[in-house]
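Chemist: Please read through the structure below; I'll follow up with questions.
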Amino acid sequence: MKILKFGGSSVATPERIQSVVEILRDELPAQIAVVFSAFGGVTDQLIHASELALNGDSTYKNVLSQIESRHIDTVKALIPNEQQDAVIHQVKLRITKLENVVYGIYLVRERTPRTLDYIMSFGERLSAYIISEVLNAEGLSAAYLDARKLIRTNNQFGNAKVDFNLTNENIRSYFHENENLQAITGFIATADTGETTTLGRSGSDYTAAIFAGALKAEELEIWTDVDGMMTADPRLVKKSFTVPEMSYEEAMELSHFGAKVIFPATMLPAMANRIPIRIKNTFNQKGSGTLIQAKSGNGQLIKGISSINKISLINVQGGGLLGLVGFSKRLFGALADQHINVILISQASSEHSVCIAVDSRDSVKAKAAIETEFRYEIKDELVDEVKVTQDLAIIAAVGQGMQHHSGTSGRMFNALGKNGINVSAIAQGSSELNISAVIQQADVAKALNTLHDAFFLSHLKTIHLFLAGTGLIGKALIRQVRDQYSKLSEDHHLDIKIAGVANSRKMFFNPEGINPDLLMDHLDKQAETMDLNSFLSKMNELNLSNSVFVDCTSDETIAKSYHSILAENISIVTPNKKAASSNFGYYQELKDICRKRGVKFLYETNVGAGLPVINTLNDLLLSGDKVIRIEAVLSGTLNYIFSSFDGTKPFSEVVVEAKEKGYTEPDPRDDLSGMDVARKILILSREVGLDLELIDVEVENLVPAKLQSGTDVQAFLKDFICFDPSFEVKRKLAESENKKLRYQAVLENGKVNVKLNAVGPEHPFYALSGSDNIILLTTERYHDRPMVIRGPGAGAEVTAAGVFADIIRIGNYTQ
């Protein structure tokens, strides 16, 4: 014997009922019985109609008319014409009884729980009857069975308790005499006083389990609209997947914590008789679903991540609790007297405080009950004022694989901590079946995704990028993310998604990830107007796990927002030098936030584009080395200019040529001023540990004083010709000494200068050409022969590559 149950979504339309018929046809000729819910949405309509009637609203008739039409239309769609009249007659008889009861409510303006149960029963009575006739019309010979004939309960209307002794005897006796296919009404039963009752939440599942238990069925199949028990709520965790099997206890825990596929009461009769429960999807019949049984395998440490929302945490503490005998009895007795369910308990071994989690709707009542019970202790200051924290939720990791397996809680709280999710309370039973944590309600989706990645997709970490700036560097980064996506996913287990993007005009978001090939099109056609505060607010609101803000602009306003971004536990990667070279206090504030929040602020590309300068320097310092001197050419633009300034062209002409080739800023004075180099060496000096400001850097400005002001670039270039002789003098002097001019930065003895120097053939800078950068690190370990880092110091591709490398470092950090 096998018991099958089909939920409301499985029988919501004639087409779906026809699919159910085919499923049952495949099961026969084996002995089966089938439990049916009401057609999808009908129970809610019945309740709504009764509410309208209770409020004196005659439009309840329209609702009942819709219910009648839907059921008659189903009959007409599925039953041959010559058989329809008799079935429609029976449907109308039931509808007439329903109309009479609801009309009574309308007249007297009263609806008791008993009456509501009777009204709700019509959903299952109509659906099971109609489907039984459809099965007969299909030649499957089914009998309609009203479960009220067999299931006996008390008269606790709305959630009646089953008399299993009498019910089991009734079911066994009936099936002993009726071996053909039975179409059974779910959800409903009969009280010992004869009234119709309902079995509460997920009552049709419970009905199926009751029949399965009584008949010692070989299996109970619950057919619904999902593929089985999922690793997490698929509405919140898009990467969730079906759990092939789990134990009764695991399923019970997940059900308690919000997994709505199956409810604890459903499993009790099956558990008592060790009957396997299989969850199947009516719309994916080939799927294996989830098998729930006494023992589960598949080797998974965790079977599911679930949550309970809208929780309040109540903290009772005080010095008077230490060694106070009977405290717990009084606490939980006071709550029980007010019918308040305690969802979670957490108590430290010090006995100084107890935290309990309750439904937020009960928090006020719970606080009052505790304060009343301990009013004298509170008055004598033995117990502190009872504190209630709202807007919380509970997340739980469930799995029997945790038993005697070390490191599970460490992995859980490490993952939450790295994503800035604060845990307010923790609970774990000695069975090691469940680890629960209380967190902010706003962090639920982020926490579920974080834990799901940690336990189920530990081989694959998702990084969510929020990109500001789609200029040359931004576009290059987008291309690189696209081109490397497969390799990073397959070989390095990183799933990098662009979840948000903005330029100076528009911004666009998609938490599921924006296709890099369509990104600019989305930004042009579907985006909203860019506003920095709105962009940051949306990024925070999405609250995605492993979020990284990538600033590919040179915008100082954005740089000033870094502290608020880091404070939201979002890491930052940027080639924008404005933050790291701003006032030292702000630079230090960013570093402090990173340490406190466990996030990253990476700016390798601030100094040498894609060259590994900052990371190399930090590695040396962390390993105990000490920096003696840093000497560097840090401007690809100025190096190109002075490498090309060989006497064949005047200096001003070389500058114009560099501008035409795109090497300089739109205004070459921005390069010639030396301030960009000054910012770079300032950043390196801070990495070494010096508390310097930009004003402490001695800078030789190559723009003559009289030309430093003014906005007309062309006028500047024209007037700059007058200063060619002075630059030629410097060049000839260097040439006469067999030297070359190089604009370099030097850090030594705590002092920093940036100026034009002449270097000879013995110097590493002498052979430098093109737009390359070069950095010499003289340290205690690299004293006689300094470490040399050389390569392209500018260009969109190499800078984007450096940014990308920093993003990957963060991805590796979060694992």
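The values are calculated or read from the model by the stated rules, or taken from the named source; none is laboratory data. Computed from a prediction, not measured in an experiment: that's the story for all the values here. Every residue, glycine as well, gets a Cβ built from its backbone with ideal geometry; the counts of neighbours run over all protein chains shown. Ligands, DNA and RNA are excluded from the accessible area calculation, which covers all protein heavy atoms including side chains. Shrake-Rupley method; radii C 1.70, N 1.55, O 1.52, S 1.80 Å.
Chemist: Can you give me the Rg/Rh ratio for region 1-114, using Cα atoms for both radii and the Kirkwood formula for Rh?
Modeler: In region 1-114, Rg relative to Rh is 1.05.
Chemist: Let me ask something else. Carbon and sulfur together cover what percent of the accessible area of the chain at a 1.4 Å probe radius?
Modeler: On the way: 17070 of 35360 Å².
Reported share for carbon and sulfur atoms: 48 percent.
Chemist: Packing-wise, with mean Cβ within 10 Å as the measure, how do 367-376, 517-526, 114-123 rank, highest first?
Modeler: For the peptides 367-376, 517-526, 114-123, the packing ranking is 114-123, 367-376, 517-526.
Chemist: Could you give the dipole magnitude of the chain about its Cα centre, charging the beta-carbon of Lys and Arg +1 and that of Asp and Glu -1, in debye to the nearest 20?
Modeler: The dipole magnitude comes to about 360 debye.
Chemist: If each DSSP helix of 4+ residues adds -39,500 (n - 2.57) and the sum is divided by the residues in the chain, what number results at 222 nm, nearest 500 deg cm²/dmol?
Modeler: Result for the chain: -13000 deg cm²/dmol, rounded to the nearest 500.
Chemist: Name the residue from S652, M252, L46 whose Cα lies farthest towards the positive end of the charge dipole of the chain, charges +1 on Cβ of Lys and Arg and -1 on Cβ of Asp and Glu.
Modeler: It is M252, whose Cα lies furthest towards the positive end.
Chemist: Here's something else I'd like to know. Quick one: which of 137-146, 168-177, 493-502 comes out on top by average Cβ neighbours within 10 Å, and what's the full order, highest first?
Modeler: Taking the mean over residues of other Cβ atoms within 10 Å, the ranking is 493-502, 137-146, 168-177.
Chemist: Would you mind counting up the charge near K239? Only other residues with Cβ under 12 Å from its Cβ, with Lys and Arg at +1 and Asp and Glu at -1.
Modeler: That sum, taken over residues with Cβ under 12 Å, equals -1.
Chemist: So what is the relative contact order of the chain, in percent, for Cα pairs below 8 Å that sit 6 or more residues apart?
Modeler: Relative contact order comes out at 8 percent.
Chemist: What relative contact order, as a whole-number percentage, does region 647-758 give when Cα pairs under 8 Å and 6 or more residues apart are counted? It would help to have the intermediate numbers written out before the result.
Modeler: Values: 114 pairs, mean separation 36.1, N = 112.
Result for region 647-758 is 32 percent.
Chemist: At a Förster radius of 41 Å, what calculated FRET efficiency corresponds to the Cβ-Cβ distance of Q338 and N615, to the nearest 0.05? Could the numbers behind the result be given before it?
Modeler: Numbers: r = 60 Å, r/R0 = 1.45.
That pair, Q338 with N615, gives E of 0.10.
Chemist: In addition: Please report the equivalent ellipsoid semi-axes of the chain, computed as sqrt(5 x eigenvalue) of the Cα gyration tensor, largest first, in whole Å.
Modeler: 72, 31, 24
Chemist: With the cut-off at 18 Å, tell me which of the pairs K238/K600; K5/K280; K2/K280; K238/K538; K659/K718; K418/K475 have Cα atoms farther apart than that.
Modeler: K238/K600; K238/K538; K418/K475
Chemist: Same structure again: Considering the Cα positions of region 772-815, please state its Rg to one decimal place and its Dmax as a whole number of Å.
Modeler: Cα only, region 772-815: 14.5, 40 Å (Rg, Dmax).
Chemist: Let me ask something else about it. Antiparallel DSSP bridges in the chain: what percent, to the nearest 5?
Modeler: Antiparallel: roughly 60 percent of the beta bridges in the chain.
Chemist: Here is a further query. Rank S581, F157, S121 by how far each Cα sits towards the positive end of the charge dipole of the chain (+1 on Lys, Arg Cβ; -1 on Asp, Glu Cβ) and give me just the farthest.
Modeler: About the Cα centre, the residue reaching furthest to the positive side is F157.
Chemist: Write down the accessible area per residue of region 1-89 in Å², having rolled a 1.4 Å probe over the full set of protein chains.
Modeler: Here the residues of region 1-89 average 42 Å² of exposed surface.
Chemist: Show me 323-332, 596-605 ranked by packing, highest mean number of other Cβ atoms within 10 Å first.
Modeler: 596-605, 323-332
Chemist: Out of every Cα-Cα pair in region 332-408, what percent are more than 17 Å apart?
Modeler: Cα-Cα pairs of region 332-408 separated by over 17 Å account for 57 percent.
Chemist: Would region 93-224 count as rounded, prolate or oblate if I go by the C-alpha gyration tensor, calling it rounded below 1.5 in a/c and otherwise prolate when a/b exceeds b/c, oblate otherwise?
Modeler: Oblate.
Chemist: Just the accessible area per residue of region 547-625, please: how many Å² with a 1.4 Å probe?
Modeler: I get 35 Å² per residue for region 547-625.
Chemist: Let me ask you something else. Rounded, prolate or oblate: pick one for region 49-160, where a ≥ b ≥ c are the square roots of the eigenvalues of its C-alpha gyration tensor, a/c under 1.5 means rounded, and failing that, prolate if a/b is larger than b/c, else oblate. Don't skip to the end; give the middle numbers.
Modeler: Numbers: a/c = 3.26, a/b = 1.45, b/c = 2.25.
Cα axes put region 49-160 in the oblate bin.
Chemist: Please determine, in degrees from 0 to 90 and to the nearest 10, the orientation of helix 675-688 with respect to the longest principal axis defined by the Cα atoms of the chain, where the helix direction is its Cα long axis.
Modeler: 70
Chemist: Continuing with this model, one more query. Once the whole set of protein chains is in place, how much accessible area is left on L291, using a 1.4 Å probe, in Å² to the nearest 10?
Modeler: Spelled out: L291, probe radius 1.4 Å, area about 30 Å².
Chemist: Per residue, how many Å² of accessible area does region 163-320 show with a 1.4 Å probe?
Modeler: Solvent-accessible surface per residue comes out at 39 Å².
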